[in-house]
């Protein structure tokens, strides 16, 4: 299928290509990109050969490669690779490891790499939303097109921030770690807008404090005086924008940060190892860990314990579990410190 659609606004995606490693080899099962079927298939073969294989995938893991060239300028591709259980296969490797699926996001902007974490979260959330448990579930035409449409909704030039528990406005590194009631901010440079999404009710006094924070935030932006501030409290509007930017989840009643060590696990069962309930203290702990990993800094777990009230022993167990499950990479625990490389 080839369906080229280009919007006047600047979106992350110019279309997507879904590839599946069938028993007889890679096959493109969906193509909404500007590339022809022949170009898309040639790109798939050439790029996957270049990527090769390094370390084994962990259950539920999504890896991103790129940006990489495509056969047609000015388009680039980002390849998001994950595995699904096969419904039926005669290939022993696929029986053992699962079927490789690649979602190629075709883009004309190299800045799309800033949105890798967001796209991963969107893929994982959509697989949950549409109950994709096996490879055959993904091949339903409406599922492929729905995931395509969700990714196309995300616009370039929109940066995500959130109000931390300490009251600061910090960038969102991974939307999956943001608590459901956290106030999030969309900084839309293209339209000169700052939108605050109220995902829980606040008092008039707190709303005035938020407005002051947003004005202070605005004053630090280049040409900030030209930006319009909007606080969005309408529940439907908040849900729509949260969904568009990967800030919402299928279950809005709560959120569990999920780790896994199981040999076989689906995207809906990532909590096979243990349930991690996110409360304000643990949210701050996660934020500190993510920030250290993102900035490749050395994190003193004793300092975090004082700030959050979470014990060092718990944090060490939590981090070590994530390292073992390959969810945290290039990091070690050394004498009460998280050391990130």
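The residue that is surrounded by the fewest Cβ atoms within 10 Å (Cβ to Cβ), counting only those in the range 154-166 that are at pLDDT below 80 and closer than 15 Å to residue 285 by Cα, is 166.
Results for (1) surrounded by 15 or more Cβ atoms within 10 Å (Cβ to Cβ); (2) at pLDDT below 85; (3) under 26 Å from residue 125 (Cβ atoms), shown as yes or no for each residue.
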residue	(1), (2), (3)
2	yes, yes, no
12	yes, yes, yes
25	no, yes, no
29	yes, no, yes
53	no, yes, no
57	yes, yes, yes
66	yes, yes, yes
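Looking at residue 103, is it in contact with a helix residue (DSSP H, G or I) (Cβ under 7 Å, 6 or more places away or on another chain), in a helix (DSSP H, G or I) and assigned by TED's automatic domain parsing to the domain that holds residue 75? In short, no. Here residue 143 fulfils each of the conditions (1) assigned by TED's automatic domain parsing to the domain that holds residue 80; (2) part of a loop (DSSP other than H, G, I, E, B); (3) at pLDDT 80 or above apart from (2).
The lone criterion from (1) modelled with pLDDT of 80 or more; (2) in the same structural domain as residue 38 (by TED's automatic domain parsing) left unmet by residue 113 is number (1). Just one of the listed residues (44, 111) is in contact (Cβ under 8 Å) with a residue 40 or more places away in the chain, assigned to a helix (DSSP H, G or I) and either in contact with a helix residue (DSSP H, G or I) (Cβ under 7 Å, 6 or more places away or on another chain) or surrounded by fewer than 14 Cβ atoms within 10 Å (Cβ to Cβ) (or both), and it is 111. Filtered by the rule that a residue be under 13 Å from residue 20 (Cβ atoms) and either crowded, with 17+ Cβ neighbours inside 10 Å or free of Cβ contacts under 8 Å to residues at least 40 places away in the same chain (or both), the range 90-108 gives 94, 98, 99, 100, 101, 102, 103, 104. Just one of (1) in a strand (DSSP E or B); (2) at pLDDT 85 or above fails for residue 33. It is (1).
Cβ-Cβ distances below 8 Å connect no pair with a first residue in the range 218-243 that is in contact (Cβ under 8 Å) with a residue 60 or more places away in the chain and not assigned by TED's automatic domain parsing to the domain that holds residue 201, a second residue that is surrounded by fewer than 13 Cβ atoms within 10 Å (Cβ to Cβ) and part of a helix (DSSP H, G or I), and a separation of six or more residues or different chains.
For residue 119, the requirement of being within 25 Å of residue 72 (Cβ to Cβ), in the same structural domain as residue 81 (by TED's automatic domain parsing) and outside any helix (DSSP H, G or I) is not met. Please work out if residue 186 is closer than 30 Å to residue 31 by Cβ, touching a helix residue (DSSP H, G or I) at 6+ places or on another chain (Cβ under 8 Å), in contact (Cβ under 8 Å) with a residue 12 or more places away in the chain and not in a helix (DSSP H, G or I). Criteria not met by residue 186. Counting the residues of the range 218-231 that are within 21 Å of residue 165 (Cβ to Cβ) and in contact with a helix residue (DSSP H, G or I) (Cβ under 8 Å, 6 or more places away or on another chain) gives 1.
The values are calculated or read from the model by the stated rules, or taken from the named source; none is laboratory data. Worth saying up front: this structure is predicted, and the values here are computed from it rather than measured. Glycine also receives a Cβ, built like all others from the backbone with ideal geometry; neighbour counts cover every protein chain displayed.
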